[in-house]
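First the structure, in the form of structure tokens, and then the observations on it.
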Amino acid sequence: MRLKQPACIVKLLFSARKAKAALTSVGMPRDVWGLKVYSKYMRNKVITTKQKLLKELEEYFGSDIKRINHAKNVMHFAEELLKQEKADWYIVIPASILHDMGIKVAEEKYGSSAGHFQEKEGPEIARIILLKVGFKKEDIDEICEIIAQHHTPGKINTQNFKVLYDADWLVNLKDEVDSKDKEKTAALLNKIFLTQAGKDLAEKIYL
């Protein structure tokens, strides 16, 4: 007997199939167009990619402003960390926007948004969206792998994972720290963060 897909995934699949025919991989060789034009093209591509992913995020979560704002805050912190850490924008930013997509299905299926349920359900939803937006398969695989482990450090040791993990914690820490106990907070920061930029920013915010 085939299990019925949650309504939110069915809707995403339908939308992705409609968009599939329109997806093309656009190239723009630097030696033909010149570095200045190519750089402008790439900046515009980054902006467009982010806008598309944020639109998918907002459509998926609908009126759940809490989830939408959390993802946007993680994205903003990821952008800050990327200014100092050598990681791939096209992996880290999509992962930051889509990292909690499994929450909705987890709550429907298990009545819980616990991290391990998010990790289990999130990659499939993210993959559908990334295919719809037009990401390359190898990038989709890495983004989904990060989402599948984003509450479980140690299994993935890439810089892309570390930046996403730290960005998520920079948002979540406000619910974990005791502002009156600086020593305890400092110890917690040393334990949690995987990048120097993440730790430095956390100390600036929370100490």
Whole-number percent relative contact order across region 59-193, with pairs defined as alpha carbons under 8 Å at least 6 apart: 28 percent
For region 100-207, Kirkwood radius (reciprocal of mean inverse C-alpha pair distance, Å): 15.1 Å
Largest to smallest principal axis extent of the C-alpha atoms in region 166-207, angstrom: 24, 16, 16
FRET E, pair I65, S112, Förster distance 25 Å, beta-carbon r, rounded to 0.05: 0.75
Pairwise label distance in nanometres, R43 with H76, each label 7 Å out on the Cα-Cβ vector: 2.2 nm
Additional length obtainable on full extension of the chain from W89 to A186, 0.36 nm per residue less Cα span: 32.0 nm
Cα centroid separation, region 71-122 to region 132-165 (Å): 9 Å
Stretch gain in nm, segment D139-Q196, where the contour uses 0.36 nm per residue and the Cα spacing is subtracted: 18.0 nm
Extension gain (nm, one decimal) between S179 and E58, 0.36 nm per residue minus Cα-Cα: 40.3 nm
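Quick note: the coordinates plus some simple rules give every number you see, no bench work behind them. Everything numeric in this text was worked out from a predicted model, so none of it was measured. So basically every Cβ, Gly included, is an ideal-geometry build from the backbone, and we count neighbours across all protein chains shown.
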